[in-house]
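Worksheet: one structure, shown below.
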Amino acid sequence: MHEIRQIIFRLRQGDSIRGIARAELADRKKIRKVRKIAVQQDWLNLKKELPSDEELSNFFKPHPINSTQALILPYQKQIEEWFKKGIQVTTIHVALQRQYHFMGSYHAIQRYIRKLKNKTPEVTMMLEFKPGECAQVDFGAGPLIVDATTGEILENAGCEKIYEIFQSKALLKSSKKLYHLLQCKLE
């Protein structure tokens, strides 16, 4: 009932059916059905409270678990564990068949894993810093030095004592100013 209440809430805010469908709360057909009942029951009126679970259950019945979902239920934790380890769906399906004599289809596992991917979105957070508080530093191999006249790459930058060239970069987060430092490692 939570999804239906969320759809009604979004409809009350003025969201379009397509926008709600893009948020993957339900498909457009179901959203239209919810909207039709919500209009009839005056649930879209902002002055009224959102309907309770009891009210919603009079109009919307919870979906029973279908047979393919029922086949996966005993193995959910194992499938989730394998999914988190990055194991492919085909390998999971074969392993379930061999170890547990799983009778479900490959596509049933694929649908379940798709739901898992949608459940666990990658969380990102923008970090903000005051000027001078933070810098991003990177260190790595330095550039090859090319002779401007011949175009040949000069080994050890033309010096016999230089073993390797390294570079450090520092990027100030607030001003986006980039600093380069070339360093030579001597033999």
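Overall, segment 2-59 carries a charge dipole of about 420 debye about its Cα centre when +1 sits on the Cβ of Lys and Arg and -1 on the Cβ of Asp and Glu, all other atoms neutral. Our Cα-only numbers for segment 2-59 put the radius of gyration and Dmax at 10.4, 28 Å. At q = 0.14, 0.16 Å⁻¹, what is the log10 ratio I(q)/I(0) for segment 67-119, with the Debye formula run over Cα points and no solvent? One equal scatterer on each Cα of segment 67-119 leads to -0.28, -0.37. With each label modelled as a point 7 angstrom along the Cα→C-beta vector, the Leu127-Glu24 pair spans 2.7 nm.
FYI, it's all coordinate maths here, none of it is from the lab. This is a predicted model, so every value here is computed, not measured. Neighbour counts run over all protein chains shown; Cβ positions are idealised from the backbone, glycine included.
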